[in-house]
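The values are calculated or read from the model by the stated rules, or taken from the named source; none is laboratory data. What you see is a predicted model; the values in this text were computed from it and never measured. Using ideal geometry, Cβ is built from the backbone for each residue, glycine included, and neighbour counts are taken over all protein chains shown.
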Amino acid sequence: MYVARADLTGAMPGSMGGCICLINEVGEIMNEVATPGPEVFGMCFDFDNEDETARVMITERSTKTVWQIQLTDLQPVIADEV
């Protein structure tokens, strides 16, 4: 499951900014990719049949911008690889 998380840097101890998380079936975070801004507001998926590229499109409120992140960047990371 992909989850968009708004996280204002400095709002709480340990805040690091917004991100997109990949969560497995038992609720563990498998990977997360930082977003270019902290206020992730919306998320949708896009697949381009021409180049077979899958992307997550996100809207970010503080910069009033739409960003895209390749889904390949959100693949699960095995603990030994970190």
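When we screen I69, I58 for residues that are modelled with pLDDT of 85 or more and surrounded by 11 or more Cβ atoms within 10 Å (Cβ to Cβ), the only hit is I58. Reported count of residues in the range 21-75, each being part of a loop (DSSP other than H, G, I, E, B) and among the hydrophobic types (A, V, I, L, M, F, W, C), is 1. Residues of the range 13-65 that are of a type in the set (D, E, K, R) and farther than 15 Å from Y2 by Cβ: E39, D48, E50, D51, E52, E60, R61, K64. Across the range 72-82, the qualifying residues are those that are closer than 20 Å to G17 by Cβ and of a type outside the set (D, E), and the one among them that is modelled with the lowest pLDDT is V82.
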